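For reference, the structure is listed below as structure tokens.
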Amino acid sequence: MSAFDAILFDKDGTLFDFHATWGLNAKQFLLDICAQDEARARGLSAAAGFDFDRARYLPDSPLVAATPGQIAACLLPHLPEFSSSGLIERMNAMSQAAVQVEATPLQPLMWDLRQRGLSLGVVTNDAMAGAETHLAQSGAAGLLDHVLGCDSGYAPKPAPDMLLAFCEMAGVTPERVAMIGDSTGDLNAARAAGMVAIAVLTGPTERESLEPLADAILPSIAYLPSWLDKGESRAA
């Protein structure tokens, strides 16, 4: 008998490789909102915890796992010409247009998990429009039971609200759900919800920060089926 009834995924950094997807997109976005003024974009990068030259988010970036509103609040002190709503609109447009790099081919992974009788969901601090676009592009959307974003009416992670809402929608109990994520916010949300917390290393957060909160650490979601097959409670 399986230890789980459902698997719940974070999106960015979990289903999609964070740096491969967002690095160059973020760099171009910073240049765009700074009207191609590289010196200003570099200053904004420093405030955002973004390595401009390497086009990579730093592990302690305040933007990692943040909602669009939280990202706007971080950037607005450096962008007085923007309103919060205007900046969020620009970010959401960029997000929906960004080509997503799958951490592993998602369709076969989700099909494998569904064949095991598992309910599947995504909880993301991204807005629903972007999440639905990205999941549809990957071909995984039709294999998911429920998708919840930061604008779905529930508090964003690290609060457990979206995770518990998924349980109610799917008719499962939290202790029989594995939450897969790449950030401490994902793992803290899983623990607060009473779920098994599984970390993956396809986001900016380093293993050392994830380890104290994780029941298992996998290189990526590609390793999830074999982990389930072994029935391990803790990955090496």
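Applying the criterion of being touching a helix residue (DSSP H, G or I) at 6+ places or on another chain (Cβ under 8 Å) and charged (D, E, K, R) to the residues of the stretch 57-111, the residue that is surrounded by the fewest Cβ atoms within 10 Å (Cβ to Cβ) is Arg90. Among the residues of the stretch 1-38, the one identified as hydrophobic (A, V, I, L, M, F, W, C), within 12 Å of the chain's Cα centre (by Cα) and assigned to a loop (DSSP other than H, G, I, E, B) is Leu15.
Taking the conditions exactly as written (basic (Lys, Arg), out of contact with any Lys or Arg (no Cβ under 6 Å at 6 or more places or on another chain) and touching a residue at least 40 places away in the same chain (Cβ under 8 Å)), does Lys230 satisfy them or not? Taking the combined requirement at face value, the residue does not satisfy it. Taken together, the criteria exclude Pro174 from residues that are in contact (Cβ under 8 Å) with a residue 24 or more places away in the chain and out of contact with any His (no Cβ under 7 Å at 6 or more places or on another chain).
Residue by residue, here is whether (1) buried (at least 18 other Cβ atoms within 10 Å of the Cβ); (2) in the same structural domain as Leu118 (by TED's automatic domain parsing); (3) part of a loop (DSSP other than H, G, I, E, B); (4) among the hydrophobic types (A, V, I, L, M, F, W, C) holds:
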| site | (1), (2), (3), (4) |
| --- | --- |
| Tyr154 | yes, yes, yes, no |
| Ala159 | no, yes, yes, yes |
| Leu163 | yes, yes, no, yes |
| Glu168 | no, yes, no, no |
| Glu175 | no, yes, no, no |
| Ala199 | yes, yes, no, yes |
| Leu210 | yes, yes, no, yes |
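The helices (runs of 4 or more DSSP H) located wholly in the stretch 39-131 that include 1 or more residues which are farther than 24 Å from Ala141 by Cα and in contact (Cβ under 8 Å) with a residue 40 or more places away in the chain occupy 68-75, 84-97.
The values are calculated or read from the model by the stated rules, or taken from the named source; none is laboratory data. Just so we're clear, the structure is a prediction, and the values are computed from it rather than from any experiment. In this analysis, Cβ positions are derived from the backbone assuming ideal geometry, glycine residues included, and neighbour counts consider all displayed protein chains.
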